[in-house]
């Protein structure tokens, strides 16, 4: 790729971004699109946008994003989103501060030297553009004293990273503490999750067992318990019931619109069977299922109690204390942990036993390891099979289509990569599935786990893979002889690939953030659905309802960019402005999206932060080791000075972990002991945890839950 | 060493043991020696021995030891001692079960083969006795199918170890739970230790700070707090005062015995200065110091408060919960942990800050590492210096003594090893000192830490050192070429050294336990002291008062023996009976000592166990790896089957750790929530933690501690 071609591709993507931004400015003012561009505000009951939607400046969103405070973000989108912005601005700060020093110092130093030409080293820059290489460390002669400037630059970047991430950790810790000590009543602060219940004594029920155990330890503050039940059957009936309710609403909406009453067939998928009047049929079905549901609810509550429970306390301090303490002499019994929010409970994982969880975890780690290292093998295999020839042979009926010239060209271009494309599209879901299989009880934790896996995948494959991959086969011999040569190898191939990654980062942000901001895809989908599919209000609502920011893929992608930029920051400082642009644009666009579009799916009070911090430290470490190898290659005799940096990073991480981390695993007591605004309504807290399929229609009956969920309202036979 | 010489040395030590045991049987019946042989019973207010002391069978102690139950041991010597016996009997069980299978199977297999002679392999057994080598695995031919028997034996020993140590862990866990749930009031169960207090706000005192903090979190159960003060000065005055009190008692005892009143000189060490009447002089001094002490106590309590405190709660459950929970958002503030027993508090370590503790720990680890690896260097250096020639030169006044023939011979024999002898004698104390320097707040923990260090020292130096040491220099070259050759090297030199270790173990138990049982040394010291030094009752009591079992050196020594015996169990099964004898004799002798002699210095409720368990697992792992290497040398093609064992051991350790370990770090709540026999006397609990130097003579004044130790009795200005 030549320099001009890089500029062309940069220019093109910049134009795409501008077009998408203008499109956004125009589309977002249309009232009909408000539900796509302002769903978060609408769901919070606010005006779609401040000021009239017609008269407003199309670029007002930029002003609004800049003028919004952290508190606004917390109010609109929760602590997790605010923490994500701390992450963005920390990384931005690191890159800006690095750039301010590195660009004016290193670029002149590099460009005034002549190492590349002198060494006749044109082979390494083959396929890359020399103009950029002249501005990089590759242009410095070996053993030149000018390398001192680069060595000091490595230190400067590291120190900036330490200082800013320390400040950020402190800030996030305060954010978390503030959120947790809020005087609002939050159900999860009054509950603990109890897993690994031991066998029940004969003649005792699960709830007797749980209640008597906790009542004896916390006689004053125990409120009641909710034994987890096997809800498979009741969930199924409830799902069917809800489905018929939706269909009924739809049929009613249709019959209102037209004069004929809608009909449907009762057989498979409504395609065969008897023709019936829909509204009557659905009403009958609903009545029938409601009865069935009630019966099943009773059976479930009474007979399908499983080995875990949620236990509720009448105050926050006790719940906080209980969640951190060992309850049983054998650790694999009565395992008590913090209760996740009701909405992020992964019910199916609650009853997995202690050692099974551990075994599952290791198996999953192993599967992920295999996936990361060997994913290319099955994909290559599939690619090899899915050639046009094979398709023609295996699926002869496709022949006429395949043989058409235009389709053939497209297929020939994409078929080999098809497996890879499908794999990369499915990977986040696969990793989420794997993380869920680990037996993690909380949704946010599953997402953190998946995000971590995705990070390893992307860094190892994209970064190290691309860097080493190309040269690996050629140099396989040299590695076999001396396994220690991996670091210099990595370092040697870095500058060659700098330009590749520069293009990668540059393209990524313009097109990616343009699409993000303009929401073209959701907009089109929404309008199509509204026109052809949705009949009822609920269906339309479902059509525009946005997801959350989806950290599981967003954070690893950001981490990959920061890793790349950090690693090249000293070698080719021209990459820094692109990194700055990526995170600055990201901050701006996502600020808008967080305030107006995305609706958070959970609140974990910033638990994502230690995860981000560790990954930043991991990137820094990779950077420092790479630089050590790179300096080693340049035969600079003061290179050993750099060995101090990885050690410093490890110490820094260790100190951060020791000082801050525990407060992210648990709630500190000084935080939980803050006074509440009002006395908590314990019944409401309790009910927020009852799964919807178990809530009876006749909610008024007080004794409904006595059977399975707790014993508190009965005359306590277990006390 | 030839076989006969081994038998001779074995016979000699057996005779020594018999003599010492007879001596014990005779001496222990003398009433005058009761305080040496039954101090634990006497201190507990029991009869020295059951039944009349004259008429009893001199071997009754054996019957008594066997008939004593675990509960007897707990009553007389605490849970820690009972756990030590679990350790002994577990190890004994492992060896007995191994021996029952290995001896009748492996010995015939080995002796019927002829590998040694066929290989002409007489060089390896040079200096060792062939008769024993013929019974060892070294006598098996290479690649012989007879090796299967040995391979299965390795599995058998491992499985026996797993099963018995699993059972033991479970049993000890139950022991600990039972002791902790005892209905007796124990002060440490109502207190927590709070370290790393943050800076005090201006105008606030430490105790206000502590009291208000804990009262806000635990409004119902907080009792009061005891802020740690800087007691250096008050301790010094108190020490002087106590010294004078002792001297006064002594002077009074002397004056009672004789007609003249004792006098002394007031100057340095009583050697110069004015001659005064002792009783008058001491009385005056005591009066003076008492005043000084009271003044200093007030100053200390008011002005010398430091950054840590003990906090008392009115119930066990709250204290247990608090000790396990995070209190401050920043982990290095308000660090709350379980309070150690009053008698094992290491006051000087309480005020060391969080990160300082960590840094100290790593420094100490490094120092220990250096000590273990390089201790031989300074010792060699000192040995080189302290030759007779040098002594004569440096200390010429010694010349006439050194030049005498008989002294010269002795000096020449021992001078070279003098440094080593002194070093080995001082090592346990040095390790205890190092462990204390780590900043550990509890005495039992210091001993555990020192014991761990000693174990590494002894295993690495004695076992691996002796085994490898001899062959190391010869084979230095081969190791340099291939670092993986360490395991086969270790394995190859094992059988050669088997006989050395056999002698080592055999000698150790007969002489060691003989001395232990007969208590010859303490007996002589006691009688000498009583005759020439002690005047008062208190002094005599001090002269016979025994220490505790001193786990810091005993456990690592036992561990060394089990490591040696395990490692040789399959190679040379004849070592097993000696191991059995060592632990059986140890069990018997120490059972007697625990019941009658030693007085426990602390009670840690079996916290030593995980430590022992891990070391047993470590020995097993070393054994399995060694066997893997040894089988590799024998070119047995099924050797890879053995690779499964180390993995199994790691999994087993991991499972044990997960299942049991937490209950040893913390108190489980189901244990702490057991009901107490009586309402705890909180004032008494509180006072048990006040250091003796701060207890005023006029203890009745209720408000005495208000100033520094707590605020509970004042009108609470801080609430």
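What follows draws every value from the coordinates through simple rules; no lab data is involved. Everything quoted here is computed from the prediction, not taken from an experiment. Because the Cβ atoms are built from the backbone with ideal geometry, glycine has one as well, and the counts that use them run over all protein chains shown.
What does the extension gain come out to for residue A:674 and residue A:266, with contour length at 0.36 nm per residue minus their alpha carbon separation?
141.1 nm
Please work out the Cα convex hull volume for region A:522-586 and give it in Å³ per residue.
For region A:522-586, the hull spanned by Cα atoms encloses 97 Å³ per residue.
How much length, in nm to one decimal, is gained on full extension between residue B:46 and residue B:688, taken as 0.36 nm per residue of separation minus their Cα-Cα distance?
Difference between extended and current length: 228.6 nm.
Of B:661, A:630, B:37, how do they rank once you tally other Cβ atoms within 10 Å and put the fewest first?
Going from sparsest to densest Cβ surroundings: B:661, A:630, B:37.
Nm distances between the label at residue B:643 and the same-position labels in the remaining copies, 7 Å along Cα→Cβ, shortest first?
Result, one decimal in nm: 3.3.
How many Cβ atoms of partner chains, on average, are near each residue of B:657-663 if near means within 10 Å of its Cβ?
Rounded to a whole number, the mean comes out at 4.
From the label point of residue B:359, set 7 Å along Cα to the beta carbon, how far off in nm is each other copy's matching point, shortest first?
Reported distances to equivalent positions: 4.7 nm.
In which sequence would A:530, B:63, B:250 go, from the one with the fewest C-beta neighbours within 10 Å to the one with the most?
Fewest to most other Cβ atoms nearby, the residues stand as B:63, A:530, B:250.
Considering the convex hull of the alpha carbon atoms of region B:605-669, report its projected area averaged over all viewing directions, in nm², one decimal.
4.5
Give the relative contact order (percent, whole number) for region A:541-665; include only Cα pairs under 8 Å separated by 6+ residues.
Dividing the mean separation by the residue count of region A:541-665 yields 33 percent.
Just the Cα atoms of region B:558-617: what Rg and Dmax do they give in Å?
Here Rg and the maximum Cα pair distance are 14.3, 41 Å.
For the rotation bringing A onto B, which A residue has its Cβ nearest the axis, and at how many Å?
With distances in whole Å, chain A gives A:321, 2.
If the label for residue A:396 sits 7 angstrom from Cα along the Cα-to-Cβ line, what are its distances to the same label in every other copy, in nm to one decimal, shortest first?
11.8
Would you please give the FRET efficiency between residue A:298 and residue A:216, computed as 1/(1 + (r/R0)^6) with r the Cβ-Cβ distance and R0 = 30 Å, to the nearest 0.05?
Calculated transfer efficiency: 0.55.
Rank by packing, highest mean first: peptides B:569-579, B:436-446, A:535-545, with packing defined as the count of other Cβ atoms within 10 Å averaged across residues.
B:569-579, B:436-446, A:535-545
For an R0 of 35 angstrom, estimate the FRET efficiency from the Cβ-Cβ distance between residue B:369 and residue B:233 and round to the nearest 0.05.
That pair, residue B:369 with residue B:233, gives E of 0.40.
For residue A:170 and residue A:69, FRET efficiency with R0 = 22 Å and r from the beta-carbon atoms, rounded to 0.05?
Working: r = 19 Å, r/R0 = 0.84.
About 0.75, to the nearest 0.05.
Give the order of B:304, B:677 when sorted by the count of other beta carbons within 10 angstrom, beginning with the fewest.
Least crowded to most crowded, the residues run B:677, B:304.
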